[in-house]
Amino acid sequence: MNRVWLSLAVAGMAASAAVGTAVWPHAHDAGTVLAAQDDPVALTDIRLSSTLRSNPALVSENIEAALASGDSDLAASFVALARESNIPLADDLTKRVDDATADEASTTHFAKGFATGLVTGNAEDVASLSGTVAGDLFVFGDIRDVVREGKHLAMGEETDRLVLGLAAAGLAVTAAAYVSVGSAAPLRAGLTLVKDTRKAGRLSEGLIEWAGRSTRDVVDGPVLEQAVASGSVWRPVETASAIRAAFRPDKAGGLVRLAKDVGRVGEAAGLRAARDTLKVAENPQEIARAARIAEAKGGQTRAIIKLLGRGALLLTVGAFNLSMWLFGALLTLFGFLSSIKATAERATSSWLQRSKARRLKAQMAAQVALAGAPAQG
């Protein structure tokens with residue numbers, strides 16, 4: 001019977017070791033991710049390493065796709081990522097990326113895009129977005145947007161209150177009537193980026209909902225209606241002053257923090273990286289994490305967002321699920337140690353029983369020998 005228990009203990013130890021071998025890689029990864037959950041840069045490195053390790057060809061494939069779609073900026077971002085990750089690329093491929101980037105940066109292309117963004121406020125590439133930002137810096141763009149949306153509001157028509165609030169905040173920031181802690185440059189650019197991304201229909205649903213709530217009380221409706229009624233883009237100074245009076249800076253704290261973080265992404269990784277971030281982030285906390293990633297990764301940011309999506313900004317697997325892997329590993333370890341303990345106890349018990357049996361046998365043999373000695377005498 002003791003041998004049966006010993007066999008069961010050995011089998012349990014072997015089973016625990018086998019399960020532990022299978023669980024350990026998952027538990028190790030889970031522990032690493034949980035340890036990095038408050039550090040977006042470290043979390044990004046972990047996920048990026050895993051993604052590229054499983055399929056290094058992803059970089060080349062995405063470069064080809066970016067070139068085919070005319071997005072040389074994204075292609076250049078993947079080239080930067082490849083260099084940082086020590087992934088070799090064909091010389092022909094990198095040359096094509098360099099040529100496409102140079103063509104997009106040409107004077108003629110940039111001037112045309114800049115003018116389009118300045119006049120219409122529609123941004124489709126770096127050049128037109130630069131024009132849009134310039135228009136807002138000279139208050140023309142923000143006045144245009146406030147007057148348009150303000151007239152919709154005054155006439156009871158459908159109004160994009162988010163664009164209205166962002167434009168009003170932009171006018172206040174440009175005039176230095178409301179400047180948050182630190183440089184105002186990222187904030188000014190961030191307000192324009194959020195506004196233009198919203199106008200282009202590329203802002204995530206989560207941010208639309210959040211920003212809509214945040215801008216609801218930013219503008220004083222009656223004061224704005226009066227400003228719009230007498231305002232015009234051809235009288236920018238007077239119109240801007242009247243509109244700023246309708247802006248409530250005490251209600252705009254959250255919106256300003258969001259815009260400043262978007263501006264940080266734009267400064268560190270480029271305007272397109274900021275717009276890509278606005279498409280995947282669902283709340284201001286994720287934008288803030290994206291700003292930290294952009295400041296650490298620079299030109300690689302667009303490629304990272306393309307590969308990881310929203311997963312670059314948060315735990316895609318719940319902390320509970322990750323914790324369960326660790327808990328499973330601990331249970332397996334406990335089972336293994338318990339099996340070792342049981343095996344040692346059973347083996348010791350078996351050895352003691354055999355030793356006791358040998359001693360009893362020896363004692364009985366000695367007694368028989370003693371009993372037989374007188375009879376022989």
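Inspect region 39-59 for any residue being at pLDDT 90 or above, in a helix (DSSP H, G or I) and among the polar types (S, T, N, Q) and give the result as yes or no. No: region 39-59 contains no residue that is at pLDDT 90 or above, in a helix (DSSP H, G or I) and among the polar types (S, T, N, Q). Close Cβ contacts (under 9 Å, 6 or more residues apart or on different chains) running from residues in region 281-303 that are without any contact (Cβ under 8 Å) to a residue 24 or more places away in the chain to residues that are open to solvent by 40 Å² or more (accessible area, probe 1.4 Å) comprise GLN285/LEU314. Residue pairs whose Cβ atoms lie under 9 Å apart, sitting 6 or more positions apart in sequence or on different chains, and linking a residue in region 257-276 that is over 13 Å from LEU166 (Cβ atoms) and acidic (Asp, Glu) to a partner that is buried (at least 24 other Cβ atoms within 10 Å of the Cβ) and at pLDDT below 90, are ASP261/GLY190; GLU267/ALA189. Checking each residue of region 78-85 against the condition of being open to solvent by 40 Å² or more (accessible area, probe 1.4 Å), touching a residue at least 12 places away in the same chain (Cβ under 8 Å), assigned to a helix (DSSP H, G or I) and within 18 Å of GLY298 (Cβ to Cβ) gives at least one match.
One line per residue, one yes/no per condition, for (1) over 30 Å from SER49 (Cβ atoms); (2) in contact with a Leu (Cβ under 7 Å, 6 or more places away or on another chain); (3) surrounded by fewer than 16 Cβ atoms within 10 Å (Cβ to Cβ); (4) modelled with pLDDT of 90 or more:
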| residue | (1), (2), (3), (4) |
| --- | --- |
| PRO222 | yes, no, yes, no |
| ALA227 | yes, no, no, no |
| GLY263 | no, yes, no, no |
| LYS297 | no, no, no, yes |
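Within region 171-220, if we keep just the residues that are of a type in the set (D, E, K, R) and crowded, with 20+ Cβ neighbours inside 10 Å, the residue that is modelled with the highest pLDDT turns out to be LYS195. Once region 143-162 is narrowed to residues that are hydrophobic (A, V, I, L, M, F, W, C) and in a helix (DSSP H, G or I), the residue that is modelled with the highest pLDDT is LEU162. Across region 309-356, the number of residues qualifying as among the small types (Gly, Ala, Ser), modelled with pLDDT under 75, out of contact with any His (no Cβ under 9 Å at 6 or more places or on another chain) and assigned to a helix (DSSP H, G or I) comes to 10.
Hey, any hits in region 243-254 for a residue that's assigned to a helix (DSSP H, G or I) and farther than 20 Å from ARG216 by Cβ?
Within region 243-254 (the criterion being assigned to a helix (DSSP H, G or I) and farther than 20 Å from ARG216 by Cβ), the answer is no, since none of the residues qualifies.
The values are calculated or read from the model by the stated rules, or taken from the named source; none is laboratory data. Everything quoted here is computed from the prediction, not taken from an experiment. A quick note on method: Cβ atoms are made from the backbone with ideal geometry, for glycine too, and the neighbour counts reach across all protein chains shown. Just so you know, the surface numbers come from the protein's heavy atoms only, side chains and all, with ligands and any DNA or RNA stripped out. Shrake-Rupley method; radii C 1.70, N 1.55, O 1.52, S 1.80 Å.
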